[in-house]
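Undergrad: Please see the structure below; I have some questions.
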């Protein structure tokens, strides 16, 4: 009962935003910008850079709003634009290191991550190299398949898989280090 | 590869995370949107104007190239040539020399001057007043020619030489030929003879040379290059007219002035 009016309201807002109605555009921005800033923050350590990327993403959103067919989630559509914007940025800055290496992943003791705060998890992710982090974010957070990641980043599927292994391995190691430091301080 | 526990745990923690953008975020985005819309409008206008300019240049080039190939046709040919008055005068003089007035005239008109009344011949020999139009020998029909010859026989005894000339003129001419005669010349031939002109000069105590001198001096004053004899011949034609008799020299001057006027306005 409540979803339909909300959906209709969003549809009308989108329609107005397509007609370059600045108020409607502002409302859409205010609705989705906090989540989208978080998405961008996953890929870029610096919050100012993340916000710049988010604004670039929203510019693309409003420019290409007429191409949105209302067939899927509007938030998911915006999210994909944000991710692509971040990938483009990282690629331009040559921050992607997607070299292949063999890693043996050990998922023991991952259970302890449940008690870790979001802030600490973000710190662990931020410590990852850009290539690892990107593939990890795309695979683990955004839910892309390796085939899609390989297509998006212009790499092979096996590279995408190995990047994910490396990311996980490094996350695990960093997590242990972080826990050890916390316990020693206590 | 399947998602493991680590992935799920991190996803759970990060997926619904939010960050509040800065206060100026929307303002910055709004400015970028304005600039983009301006660029779009400018871009559209720029491309249209560029296309129009190219089209204009191409059309001008095509026009110029095509016009080079066409031959330029001059419809109006204007030729300015000077009229050689000397040459005209020479031709006029030549005309007078070639065709003496006495020969050119039809002597039959002299018959009337001598007051020879020829009955039923009014159409052929008109009176002095009536005769204004130019007349040709061809216009005289053969029937009338017979009448003329018949009437001339009566006059034969009095003026045998003149009649002989008339006969020669009539019978020697080809009936199909045409000779144009000036009406004034014809009139002069009818009304005056060389004897009469001489008599006129004697009466007014004038010599022909003096008159020619007067004409020359008038022509020099007017700066006209015309044979004085031509003008004198023209003047002599009008001997006998009342107003002419009253002032002979004034008439000469008036004639010269008339020539000057005609020459000046010939190109109008």
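Undergrad: So how do A:32, A:70, A:49 line up by other beta-carbon neighbours within 10 Å, fewest first?
TA: By the 10 Å Cβ count, ascending: A:70, A:49, A:32.
Undergrad: Let me ask something additional. Averaged over A:28-38, how many beta carbons belonging to a partner chain fall within 10 Å of each residue's beta carbon?
TA: The per-residue average across the peptide is 4.
Undergrad: Arrange B:64, A:65 by Cβ neighbour counts within 10 Å, fewest through most, would you?
TA: Ascending Cβ contact count within 10 Å gives the list B:64, A:65.
Undergrad: What ranking do A:124, A:134 get, fewest neighbouring Cβ atoms within 10 angstrom at the top?
TA: Exposure proxy ranking, most exposed first: A:124, A:134.
Undergrad: Determine which residues of region A:23-63 fall in the zone a paramagnetic label at residue B:20 would reach in this model, i.e. backbone nitrogen under 16 Å from the point 7 Å along Cα→Cβ.
TA: Hits in region A:23-63 for residue B:20 at 16 Å: A:30-38.
Undergrad: Residue B:210 to residue B:253: extension gain in nm, 0.36 nm per residue of separation minus the Cα-Cα distance?
TA: 14.1 nm
Undergrad: So what's Rg/Rh here for region A:29-85, counting alpha carbon atoms and using the Kirkwood radius for Rh?
TA: 0.96
Undergrad: Using square roots of five times the C-alpha gyration tensor eigenvalues, list the equivalent-ellipsoid semi-axes of region A:111-151 in whole Å, biggest first.
TA: 22, 12, 7
Undergrad: What is the distance, in nm, between label points placed 7 Å from the Cα along the Cα-to-Cβ direction at residue B:5 and at residue B:93?
TA: 14.4
Undergrad: Which FRET efficiency, nearest 0.05, do residue A:177 and residue A:70 yield, Cβ-Cβ r, R0 51 Å?
TA: According to the calculation, E is roughly 0.60.
Every number in this text was worked out from the coordinates using simple rules, so none of it is lab data. As the structure is a prediction and not an experimental result, all values here were calculated from the model. Counting neighbours? That spans all protein chains shown, and the Cβs are built from the backbone with ideal geometry, glycine included.
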